[in-house]
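This report refers to the structure that appears directly beneath it.
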Amino acid sequence: MTTRWFAMTRREVTDKLATCPDKGLDEQQARERMEHFGPNKLISARKTPPWKMFLDQFKDFMVLVLIAATLVSGFLGEWADAITIMIIVVVNAILGFIQEFRAEKSMEALKALTAPEARVVRNGLERKVPAAELVPGDVVLLDTGDKVPADMRLLEVSNLEVEESALTGESNPVKKRVANMAGQEEICLGDTRNMAYMGTVVVRGRGRGVVVATGMHTEMGHITRMIQEAEDDQTPLQRRLEQLGKALVIFCLLVCALVVLLGVMRGEPLYQMFLAGVSLAVAAIPEGLPAIVTIALAIGVQRMIKRNAIIRRLPAVETLGCATIICSDKTGTLTENQMTVRRALVGNTQIKVSGEGYDPKGDFRFDGTKGPEFHLFLKCAALCNNARLTKGEISVGGIFRNLKSGKLTSVWGVAGDPTEGALMVMAAKGKIWRRDLEREEKRVLEFPFDSMRKRMSVVYQKENGQLTAYVKGAPDVILELCTHIYRDGRMIPLTENTRQELLKKNSDMAREALRVLALAYRDLGCLDSIEELNEDTVEQRLIFLGLAGMIDPPRPAAVQAVQACRRAGIRTVMITGDHQLTAQAVGKELGLLSKGARVLTGAELDRMCDEELQEAAENTAVYARVTPRHKLRIVRALKRNGHVVAMTGDGVNDAPAVKEADIGVAMGKAGTDVTKEASAMVLADDNFTTIVAAIEEGRAIYDNIRKFIRYLLSCNVGEVLTMFLAVLMGMPLPLLPIQILWMNLVTDGLPAMALGVDPAEKDIMYRRPRDPQESVFSHGLGWRIVSTGTVFALGTLVAFAIGLMMGQVELARTMAFNTLVFFQLFFVFSCRSERHSILETGLLGNPQLVLAVTVSACLQLAVNYISFLQPIFHTVPLELKHWAVVLTIAVVPQLLGIAGKAVKDRAKERIMYIRA
Ligand code: ATP
């Protein structure tokens, strides 16, 4: 029977689970329980075991055709052919298996990277651990936007509201409480108000609970049908290539059938022609294409991880290359998120604050008198605050890490919201610390900050029962709630004039790129019960204390990244909840506000209809004082204008906009679980430059896919045309089946794979974004494939014809065989760039490719010169004069191509020079 945790008191629960509500478990206990209960994971659908993955390779249509061919050869007693084809089939399967296995492993590694985390208290210290490491008895902290990591009995709540639709289907959030629900016998899940269940989402407030069940023992585990189905992770390109593949199969089969028919009509032996047809089909059909596309994507994704971008949805890799607009949050993404209070206004006095970063050392320089309100101002800053200053420790939430080379350094940092950290530091500079204040009064209530309310308040109670509310938030919002101002030790009514005067001071500070917060308080007297207090009754008739202005400098790299985006045809748009003038000043520093670009505020946006917004969005570079609700409208307007939009987000309310964007980007550090889940990509370092790096990689991946499509298809066209033209012209077969199969292996295998890891071209961020609708064959690729293939075929036939003149048909075939192989092995270097010739890209730019080509060339020489391989591949050793023909034919047309391109480029440069 399941334990009725909700009916027990908190004490009974923690006693039963042998844990401490304050300190949690210790590591030893956690380890022991992990051994007993296992990891906190839902067991998802079983994965394909490696042996099955290997066997699956043989299910491929082309492989089945080859196996059939082997059987036919075997029946006809052609053992050498049968065995060679079999070996080729197995080697192909091994290659395919390795490619698929690697792709799957990298996808698994990705999943592990985006696995949810939980904030747990162990040994009295808060830390973040992977949610899978939770055990029953762990004390876990919940915050807005968190996904509840296990089933928990709640111990403390502060306005905690949880959305439980994943479990109950009910989408209205449930307000949680902690009291036990003993009297109730029959109770449904949705009514257990003192419990929080795995997979549900905290949409408001905070809480603390003790884990009562993990993994498959949770309610979520019981209804496993609720486990999300794996998403279709194929990218549009993969889908398009699959369709292309199918069309090519039909086309190739028809051509091959024609070749066979013509051959047989001309009197070639039936068996020979059957095998030639099969081999040609195998060679012509780019069966390696899907696997190589997956590999290129997987490798690209790995490269992105190295640059701190974690891809959650594979299609995003492709869309990244098409991005035309990045909508980015300001704080922490474009700026350092290292807030420091520089200026304050208390009473009538302007104050300058010295000191750097989060180090609580610094002074106040008063431009006037220091009244008694200053003390209350600092006190409010310290109490209406959830941040904690840290020194030389790995802080809660992993926001601040300064553990270098195993030694603790003594750098100051902040655990929690940097805005609050800055206020905490300011208070500490005035020798006011929260822990000292909390000896005399205790926090009894909190109405948390959220970007819609733009304020936060707390209520403290002294021992004599006296209650005081401390409030802070955006100045325009707070001033609306104030009726008095504390000035020169006196409480005076706040007149409209003073309000305007304060708003002007706020604007002055904002103009200097400062984020400004207003602080206020109110005595609430003594009350019988604090239950009657709510946001509305507390946050009214406030007494204004002052303004604090903090800087948050733009990240220097972000300024360069914005420029890089501009060069790459990508617009950067900043979206912030900050004041218009602060936003404008920061926007200028970042270089966003050049040439007619404008700033739009949330209020202006509200007044616009969708069409007006659509028009305004085209030249808006900064959105200020917006709420997450506005973000969704912005994304939609931009998308309607035909843009491919990347949009960042962190808070729980950002999730809809992030989901709607073409590329939803979530913050790895500051982001909530909900936003991460809605996103296609997570930034491990919350940094704007990482988005730009990911776009660069996205473009490079697409380039690489085009590179090997060009290579593979040109080679295949070359092979098919060689055979087709030969039969058409009544020549003997220039290539034998085994030779075609072999060629397919040496040229399509390693070199094509190496193209998938080709480094990005240097000018990749100097081009305009790609149109997502454009075909893979656009910009003349299709034509180039056909023309290259034709040159290959004609060259090979010329070599064949010369071979026939120089000796026997065996010699001619060996020459044709080598010509076509070396054509391809040289050509692969040209495929490294569509815009630049080898003269610019160099031969050695991709070491893997050099290695792959060397190995393939050696293998090719082996089938020419190793005597026992000669009868299998029907080759004869070539002499120098033969090689002279082969290499001249294979290399000269390509050299001519390179020279032609160089001349054309030079001419283009000269024209540009003349125009300039
Ligand atoms: P950005 O987009 O730049 O990251 P944001 O959109 O997240 O910023 P918010 O954090 O929503 O901006 O802040 C909006 C306003 O709310 C700020 O300008 C500030 O005045 C106020 N504010 C910010 N943090 C707090 C806080 N912890 N407590 C009270 N008020 C706050």
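The values are calculated or read from the model by the stated rules, or taken from the named source; none is laboratory data. Values in this document were obtained by computation on a predicted structure and should not be read as measured data. No Cβ is skipped: glycine too gets one built from the backbone with ideal geometry, and neighbour counts run over all protein chains shown.
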Open item on the list: Out of the residues in the stretch 337-349 meeting the condition of being touching an Asp or Glu at 6+ places or on another chain (Cβ under 6 Å) and part of a loop (DSSP other than H, G, I, E, B), tell me which one is farthest from the ligand (Cβ to nearest atom).
Closed with: Gly347
Open item on the list: Out of the helices (runs of 4 or more DSSP H) lying entirely within the stretch 530-639, which hold 2 or more residues that are crowded, with 19+ Cβ neighbours inside 10 Å and in contact (Cβ under 8 Å) with a residue 60 or more places away in the chain?
Closed with: 556-567, 580-590
TODO: Hey, could you check the stretch 655-678 for residues that are part of a helix (DSSP H, G or I) and in contact (Cβ under 8 Å) with a residue 40 or more places away in the chain and say which is surrounded by the most Cβ atoms within 10 Å (Cβ to Cβ)?
DONE: Thr675
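Listed here are the residues, each with its yes/no results for (1) in the same structural domain as Gln272 (by TED's automatic domain parsing); (2) closer than 30 Å to Gly842 by Cα; (3) not β-branched (Val, Ile, Thr).
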site	(1), (2), (3)
Leu733	yes, no, yes
Met743	yes, yes, yes
Asp748	yes, yes, yes
Ala752	yes, yes, yes
Asp771	no, yes, yes
Glu774	no, yes, yes
Val798	yes, yes, no
Ala801	yes, no, yes
- [ ] For residues that are out of contact with any Gly (no Cβ under 7 Å at 6 or more places or on another chain) and of a type in the set (D, E, K, R), scanning just the stretch 617-630, find the one that is farthest from the ligand (Cβ to nearest atom).
- [x] Glu618
Task: First in the stretch 884-904 and more than 21 Å from Asn818 (Cβ to Cβ), second anywhere and modelled with pLDDT under 85, Cβ under 6 Å, 6 or more apart - done: Ile898/Ser837; Ile898/Ile838; Lys901/Ser837; Ala902/Ser837; Ala902/Leu839
- [ ] Please go through the stretch 514-551 and pick out each residue that is modelled with pLDDT of 90 or more and of a type in the set (D, E, K, R).
- [x] Arg515, Arg522, Asp523, Glu539, Arg541
Open item on the list: Suppose we filter Leu859, Leu851, Leu895 for residues that are under 21 Å from Gly789 (Cα atoms) and of a type in the set (A, V, I, L, M, F, W, C); which single one remains?
Closed with: Leu895
Task: Residue count, the stretch 465-504 (criterion: within 16 Å of the ligand (Cβ to nearest atom) and in a helix (DSSP H, G or I)) - done: 9
TODO: For the stretch 866-875, state whether one or more residues are in contact (Cβ under 8 Å) with a residue 60 or more places away in the chain, in the same structural domain as Gln739 (by TED's automatic domain parsing), farther than 28 Å from Ile85 by Cα and surrounded by 18 or more Cβ atoms within 10 Å (Cβ to Cβ).
DONE: no
- [ ] Among the candidates Ala694, Ala661, single out the residue that is among the small types (Gly, Ala, Ser), in contact with a strand residue (DSSP E or B) (Cβ under 6 Å, 6 or more places away or on another chain) and over 21 Å from Pro628 (Cβ atoms).
- [x] Ala694
Open item on the list: Just to be sure before I move on: is Ala513 within 13 Å of the ligand (Cβ to nearest atom) and free of Cβ contacts under 8 Å to residues at least 60 places away in the same chain in the structure I sent?
Closed with: no
Open item on the list: Considering only residues that are among the polar types (S, T, N, Q) and more than 12 Å from Arg312 (Cβ to Cβ), which ones fall in the stretch 658-702?
Closed with: Thr672, Asn687, Thr689, Thr690
TODO: Report, by residue number, each residue of the stretch 136-154 that is assigned to a loop (DSSP other than H, G, I, E, B) and not small (Gly, Ala, Ser).
DONE: Pro136, Asp138, Asp143, Thr144, Asp146, Val148, Pro149
